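Notes follow the structure.
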């Protein structure tokens, strides 16, 4: 067990072995493990990001829904208001129309009444004249008493 | 074969050469084979790497990788792309070399003797029970410590560390000695701790093997053989913890020492 040239061989062998181990074992395998570690870390962070994005999307969806509901409510109330306006409008117009129709009817009635009165007056005048004629046939000369008859007709 | 010869035989390397230029072939071949095993297993795994659904073996390797990189993150300040692969290599290689200790002590030497036909051939199968292996790693780490000390602190900072640490500017000679001891003790403690643990572990395995091997003669074997199996099993389970712990300690101390070298406030 003395120290001899074996020492030199063993030093060379050791150095070479370190070189080989670095080249064929440590290098590729540690690179692989690092890559895997990175991949896992990336995956985890991507999952975290996805989760975060999902949360954001959910929140946004909620907001949009809320907005839509508010809009629908708005539209509904507007429609209601509009319909009541239309009804009110129609009522007013109908009233006006009714008034107008009523006025026209009134006017027509008055016209009719005056015409009937005229007709009646003429009828009565004729009747009176013919009656008076029948009564006065003998003693009244139509031409002599024409002035009197004229005044009579006018007074009826 | 006597007890002493048996143990000595097991603790002698199969070597080529003379004096310093001796090569412990068993240490070299076994450690290179284990290193090649790591490389080939890694290369095979590299061809079928799956990012999404890793299979069983990839999961296993990934958990080791994760374990090492957690340790590096905890004990190493700043960033250096060399530290993690270095720590991983140390952990895997030392663990595999230590694991050779758990193979029955006589199995591989016996097979080797059968193959070579030499009934007296030496084979010491655990590379970490050879001080050359542990020192080789420790010196490499030491070289890196000095390199990063100079790279991070600069030559001036490195010298200042020797002059004014740990007692301030009035104890320069003491500081030099203290820092020298501190620095030199790093690789030595790394190497000797691993070597000592593995050597002692191997020795205990050998002693346990002796119980059945030499004491069991005739009817006495009925008592000694089961005892050997029982002790062997106990030590094996305990040693499984030891080899993992030693590989872990070597790795963590390497990270810590290099972290200290990167610490500018020193």
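The values are calculated or read from the model by the stated rules, or taken from the named source; none is laboratory data. Since this is a predicted model, take the numbers as computed values, not measurements. As a convention, Cβ positions derive from the backbone with ideal geometry for all residues, glycine included, and neighbour counts pool all protein chains shown.
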Qualifying residues in region B:118-141 (those that are part of a helix (DSSP H, G or I) and over 11 Å from the mean Cα position of the chain (by Cα)) - the one farthest from the other protein chains (Cβ to nearest Cβ): B:141
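Looking for something in contact with a strand residue (DSSP E or B) (Cβ under 6 Å, 6 or more places away or on another chain) and either in contact (Cβ under 8 Å) with a residue 60 or more places away in the chain or within 14 Å of chain B (Cβ to nearest Cβ) (or both) - is there at least one such residue anywhere in region A:37-48?
Among the residues of region A:37-48, not one is in contact with a strand residue (DSSP E or B) (Cβ under 6 Å, 6 or more places away or on another chain) and either in contact (Cβ under 8 Å) with a residue 60 or more places away in the chain or within 14 Å of chain B (Cβ to nearest Cβ) (or both), which makes the answer no.
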Candidates B:23, B:40, filtered to the one that is in a helix (DSSP H, G or I) and at pLDDT 85 or above: B:40
Residue in region B:172-183 that is assigned to a helix (DSSP H, G or I), within 14 Å of another protein chain (Cβ to nearest Cβ) and in contact (Cβ under 8 Å) with a residue 12 or more places away in the chain present: no
Any hit, region B:166-187, residues being surrounded by 13 or more Cβ atoms within 10 Å (Cβ to Cβ) and under 24 Å from residue A:16 (Cβ atoms): yes
Lone qualifier among A:16, A:29, A:25 - being surrounded by 10 or more Cβ atoms within 10 Å (Cβ to Cβ), within 14 Å of chain B (Cβ to nearest Cβ) and within 30 Å of residue B:122 (Cα to Cα): A:16
Filter result for residue B:25 (surrounded by 12 or more Cβ atoms within 10 Å (Cβ to Cβ), within 11 Å of chain A (Cβ to nearest Cβ) and under 18 Å from the mean Cα position of the chain (by Cα)): yes
Qualifying residues in region B:9-20 (those that are at the interface with another protein chain (Cβ under 9 Å from one of its Cβ atoms) and not in a strand (DSSP E or B)) - the one farthest from residue A:9 (Cα to Cα): B:11
Region B:215-224, residues that are touching a helix residue (DSSP H, G or I) at 6+ places or on another chain (Cβ under 6 Å) and modelled with pLDDT under 70: B:215, B:216
Tally, over region A:123-135, of residues that are within 14 Å of residue A:152 (Cβ to Cβ) and free of Cβ contacts under 8 Å to residues at least 12 places away in the same chain: 6
For residue B:105: the one exception among (1) away from every other protein chain (no Cβ under 12 Å); (2) under 17 Å from the mean Cα position of the chain (by Cα); (3) touching a residue at least 40 places away in the same chain (Cβ under 8 Å): (2)
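Please pick out the residue among B:63, B:31 that is surrounded by 14 or more Cβ atoms within 10 Å (Cβ to Cβ) and modelled with pLDDT of 85 or more.
Unique residue meeting the criteria: B:31.
Here is a yes/no grid of residues against (1) out of contact with any helix residue (DSSP H, G or I) (no Cβ under 9 Å at 6 or more places or on another chain); (2) in a helix (DSSP H, G or I); (3) over 30 Å from residue B:46 (Cβ atoms):
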residue: A:28; (1), (2), (3): no, yes, no
residue: A:31; (1), (2), (3): yes, yes, no
residue: A:58; (1), (2), (3): yes, yes, yes
residue: A:62; (1), (2), (3): yes, yes, yes
residue: A:73; (1), (2), (3): yes, yes, yes
residue: A:87; (1), (2), (3): yes, yes, yes
Criterion: on the phi < 0 side of the Ramachandran plot, more than 8 Å from every other protein chain (Cβ to nearest Cβ) and either surrounded by 12 or more Cβ atoms within 10 Å (Cβ to Cβ) or modelled with pLDDT under 80 (or both) - qualifying residue of B:46, B:78, B:55: B:55
Condition met for residue B:85 (more than 23 Å from residue B:204 (Cα to Cα), surrounded by 17 or more Cβ atoms within 10 Å (Cβ to Cβ) and either out of contact with any helix residue (DSSP H, G or I) (no Cβ under 9 Å at 6 or more places or on another chain) or facing chain A (nearest Cβ under 8 Å) (or both)): yes
Qualifying residue in region B:101-117 (condition: outside any helix (DSSP H, G or I), touching a helix residue (DSSP H, G or I) at 6+ places or on another chain (Cβ under 9 Å) and surrounded by fewer than 18 Cβ atoms within 10 Å (Cβ to Cβ)): yes
